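Read the structure below first, then the notes.
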Amino acid sequence: MSDLVLTSDDGPVRTIRMNRPEKKNALTMAMYDAMAAGIETAPAANVRCLLIGGAPTVFCAGNDIGDFLQAAMSGGALGAPILRFLYALARCDIPLVAAVQGNAVGVGTTMLMHCDHVVASTEARFSTPFVSLGLVPEAASSLIAPRLMGHARAFSLLVMGKPLPADEAKAAGLINTVVAADAVEAEAMKAAQAIAALPPQAVLASRRLMRGNSDEIVARIDAEAVEFKARLQSAEAQAAFTAFMTRKR
Ligand code: COA
């Protein structure tokens, strides 16, 4: 397992932490694989709640844009590790909690749509600039976001790329709690431990009933991936990736 993702168990709670702060926790293929493995192996380790965390200054800047550029140049698609991670989220039976500080961009935001309880800091910011990168939404967000927050707010987030500050993300139903940055981790762990202390079979059954059939989510992930592959090859996407990677600051 890569040290760019740190996985640790504290009793029945497993923390999966993105750990590439110098690149704002932009996700590489190895990181997706490590995060997927942390989710997939949880049931056998008697984990009752998963906690996804980032760094004190940033949750996740989305997919590594250099990887996108490479995939675009080589005629590639959404990489297998990305799909493995998205399937793991969609098929996960165990409750997912997230602790968000700073920016949550792209998949940093869409992964939260698979979580059951999200704690964020007052300055957290949620954005999905897929379309301005010439791409389409992923992680079944095109299905989940309109259900969660209604079409108009989902369109603003997913298509217009308008960021949601923490208070608006809470009003939209994307997150549960907004606390000071230095309280995020403790608050999220408290929620995870509370969930883990509930009767586990009743939690699993209730969650399954609430989430419905994961096949529908997986089918949307697949449909988005087909569109995403086509968009990756587009001139507008390649120009946007190159502009980011060569920007002057
Ligand atoms: N892919 C690759 N590298 C990334 C990255 C990404 N998604 N996000 C940040 N980085 C890198 C930067 O290139 C920079 O690298 P360098 O120090 O080698 O130059 C480093 O991380 C720090 O990023 P920087 O932009 O200087 O930090 P910031 O605090 O000013 O801004 C963000 C943070 C997240 C707002 C900004 O980095 C950003 O917009 N990233 C792209 C997000 C994105 O579009 N993701 C894809 C979604 S589909």
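Couplings 3J(HN,Hα) for segment 59-69, derived from phi with the Karplus relation 6.51 cos²θ - 1.76 cosθ + 1.60 (θ = phi - 60°), are 7, 6, 8, x, 5, 4, 6, x, 5, 4, 4 Hz, where x marks Gly and Pro.
Full-extension gain between Gln233 and Ser156, please, as 0.36 nm times their residue separation minus the C-alpha to C-alpha distance. Intermediate values should be presented prior to the final figure.
On the way: separation 77, 0.36 × 77 = 27.72 nm, distance 2.48 nm.
Length gained, Gln233 through Ser156: 25.2 nm.
Taking other Cβ atoms within 10 Å as a rough exposure proxy, Tyr32, Tyr87 sort from fewest to most as Tyr87, Tyr32. Rounded, prolate or oblate: which fits segment 132-179, taking a ≥ b ≥ c as square roots of the Cα gyration tensor eigenvalues, rounded meaning a/c under 1.5, else prolate when a/b beats b/c? Since a/c reaches 1.5 and a/b is larger than b/c, the shape of segment 132-179 is classed as prolate. Under 29 Å of direct C-alpha separation, and excluding same-chain neighbours fewer than eight residues apart, Lys162 reaches these lysines: Lys23, Lys24, Lys170, Lys229, Lys248.
For the chain, the Stokes-Einstein estimate of translational diffusion at 4 °C and a viscosity of 1.567 mPa s comes to 72 µm²/s, using the Kirkwood hydrodynamic radius over alpha-carbon pairs.
For segment 23-83, the gyration tensor built on C-alpha atoms gives an oblate shape. Its axis ratio a/c (a ≥ b ≥ c) is at least 1.5, and a/b is not larger than b/c.
Taking only the Cα atoms of segment 20-161, the radius of gyration and Dmax are 14.6, 42 Å.
For segment 236-247, 3J(HN,Hα) computed residue by residue from phi via the Karplus equation (6.51, -1.76, 1.60; θ = phi - 60°) reads 5, 5, 4, 5, 5, 5, 4, 4, 5, 5, 10, 5 Hz, glycine and proline entered as x. Across segment 5-196, Cα pairs under 8 Å and at least six residues apart give a relative contact order of 21 percent. Mean-square fluctuations from a GNM of the chain, with a 10 angstrom spring cutoff on Cα atoms, peak among Asp222, Asp33, Asp182 at Asp182.
Under 5 Å between amide hydrogens, built in the peptide plane, is the criterion, and for Ala26 it picks out Ala61 among residues at least 5 positions away or on other chains.
Every number here is computed from the coordinates shown, using simple stated rules; none is lab data. From a predicted model like this one, the values you see are computed outputs, not experimental measurements. Here Cβ is always computed from backbone atoms with ideal geometry, including for glycine, and neighbour counts include all displayed protein chains.
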